[in-house]
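Undergrad: First the structure, which I've put down as structure tokens, then a few questions once you've had a look.
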Amino acid sequence: MYILREASRAGPITIALARESAPLFAAWRCLVSQVDLMLRTSTSLGPILCLLVLLGADAAKDSGVKKIEIKDKKYSTPKLTIKAGETVVWTNRDDSDHSIVADDGSFGTKDDDLNPGESYKFTFKKKGKYKYHCKYHPREKGEITVE
Ligand SMILES: [Cu+2]
């Protein structure tokens, strides 16, 4: 709520940033205040500190996403353990179509194929063991363990 109130005061750009991610918004605000300080006191360290905040925010944003690539009709990490709430992104790096089909039907590309270069992502909210496969290649199998 605090962020939204502040954002409405600061304009549409900050509102967009706040929607995107709170740490990013914090870094942006940091930058604004430090640039202001720099202009008044001619210190130049502030913006650099803010950049570090921003980079840290970006790293934090990525930490909940696990990547699996499909190459040579194989999942790059056939067995992957993640935490509940994390997202897995599969990307097809082959030059032929693949698919991701959960054995229990709880996730997957369903009737769509994963064309070369395309990605599919799914966020696992419930703990458990999820086996999946590719409907085209019987040996292409994977397993996600959600702890
Ligand atoms: Cu396949």
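Undergrad: Give, as residue ranges, the strands (runs of 3 or more DSSP E) completely inside the stretch 79-147 that count at least 1 residues that are basic (Lys, Arg).
TA: Result: 79-82, 119-123, 128-133, 141-146.
Undergrad: Could you check the stretch 116-130 and list, in sequence order, the residues that are within 15 Å of the ligand (Cβ to nearest atom) and surrounded by 14 or more Cβ atoms within 10 Å (Cβ to Cβ)?
TA: PRO116, GLU118, TYR120
Undergrad: Can you name the condition, by its number, that LYS61 falls short on among (1) within 16 Å of the ligand (Cβ to nearest atom); (2) modelled with pLDDT under 95; (3) of a type in the set (Lys, Arg)?
TA: (1)
The values are calculated or read from the model by the stated rules, or taken from the named source; none is laboratory data. This one's a predicted model, so the numbers in the text were calculated from it and none came from an experiment. For neighbour counting, all protein chains shown are included, and Cβ atoms are generated from backbone atoms with ideal geometry for every residue, glycine included.
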